[in-house]
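Peer 1: Sending over a structure as structure tokens; questions will come in a sec.
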Amino acid sequence: MHPTEDQIASYINNFREKIWPEGNVPCQPPRDSEEKQETKEKALQLINSKYSNSLILKKTDVETVFKIFQDTEENKKLIYVRTLAMIIIIHLI
């Protein structure tokens with residue numbers, strides 16, 4: 001079964017309404033560049049500690065993937081595509 005464009009739009013609207021009822025997106029105060037840098041460093045440390053004993057991944061591999069995920073626009077695209085895929089999969093089940 002292949003969902004129509006209207007069905008996909010409906011699924012997205014339902015999903016959005018469940019996550020943000022009445023369009024109320026929770027507001028968080030903006031972070032300054034220092035806070036962002038601290039968070040980035042902590043995340044990289046956690047990832048490195050998690051995968052430092054991996055026989056498959058090298059530290060440079062982990063850092064390369066980490067750097068790829070620092071692009072905001074690419075992350076948005078990734079989330080949109082993953083969300084759409086989840087909606088379609090749920091619909092097909």
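Peer 1: Are any residues in the stretch 36-46 surrounded by 11 or more Cβ atoms within 10 Å (Cβ to Cβ) and more than 30 Å from F15 (Cα to Cα), and if so, which ones?
Peer 2: Hits for the stretch 36-46 are Q37, E38, L44.
Peer 1: From S33, S49, S54, which residue is surrounded by 10 or more Cβ atoms within 10 Å (Cβ to Cβ) and among the polar types (S, T, N, Q)?
Peer 2: Details: S33 fails: surrounded by 10 or more Cβ atoms within 10 Å (Cβ to Cβ); S49 fails: surrounded by 10 or more Cβ atoms within 10 Å (Cβ to Cβ).
Every option except S54 fails the conditions.
Peer 1: Another question, then. Please tell me if R31 is at pLDDT 80 or above and outside any helix (DSSP H, G or I).
Peer 2: Working: at pLDDT 80 or above: yes; outside any helix (DSSP H, G or I): yes.
Yes.
Peer 1: If you take the residues in the stretch 39-59 that are polar (S, T, N, Q) and modelled with pLDDT of 75 or more, which one is farthest from Q70 (Cα to Cα)?
Peer 2: We begin by selecting, within the stretch 39-59, every residue polar (S, T, N, Q); these are 39, 45, 48-49, 52-54.
From the residues that got through so far, the ones that are modelled with pLDDT of 75 or more too are 39, 45, 48-49.
Details: T39: 12, Q45: 15, N48: 16, S49: 19 Å.
Looking at residues that are polar (S, T, N, Q) and modelled with pLDDT of 75 or more, I get S49.
Peer 1: Only one residue in E74, E34, E38, E22 is charged (D, E, K, R) and under 18 Å from the mean Cα position of the chain (by Cα), so which one is that? If you could, list the steps in order and put the result at the bottom.
Peer 2: Working: E34 fails: under 18 Å from the mean Cα position of the chain (by Cα); E38 fails: under 18 Å from the mean Cα position of the chain (by Cα); E22 fails: under 18 Å from the mean Cα position of the chain (by Cα).
None of the others qualify; the one that does is E74.
Peer 1: Also, quick follow-up: May I ask you to list the residues in the stretch 34-93 that are in a loop (DSSP other than H, G, I, E, B) and under 30 Å from P3 (Cβ atoms)? Full working, then the answer.
Peer 2: The first filter runs over the stretch 34-93 and keeps only residues in a loop (DSSP other than H, G, I, E, B), leaving 52-58, 69-71, 93.
Residues satisfying the conditions are F69, D71, I93.
Peer 1: Considering the stretch 1-15 alone, what residues qualify as being touching a helix residue (DSSP H, G or I) at 6+ places or on another chain (Cβ under 8 Å) and either surrounded by 13 or more Cβ atoms within 10 Å (Cβ to Cβ) or among the hydroxyl-bearing types (S, T, Y) (or both)?
Peer 2: Across the stretch 1-15, the qualifying residues are P3, Q7, I8, Y11, I12, F15.
Peer 1: Here's something else I'd like to know. Note down all Cβ pairs under 6 Å where the first residue falls in the stretch 1-24 and is under 17 Å from Y80 (Cα atoms), the second is β-branched (V, I, T) and assigned to a helix (DSSP H, G or I), and they're at least six residues apart or on different chains.
Peer 2: Within 6 Å, the pairs are Y11/I87.
The values are calculated or read from the model by the stated rules, or taken from the named source; none is laboratory data. Predicted model only: the values in this text are computed from it and were never measured. Backbone-built Cβ (ideal geometry, glycine too); neighbour counts: all protein chains shown.
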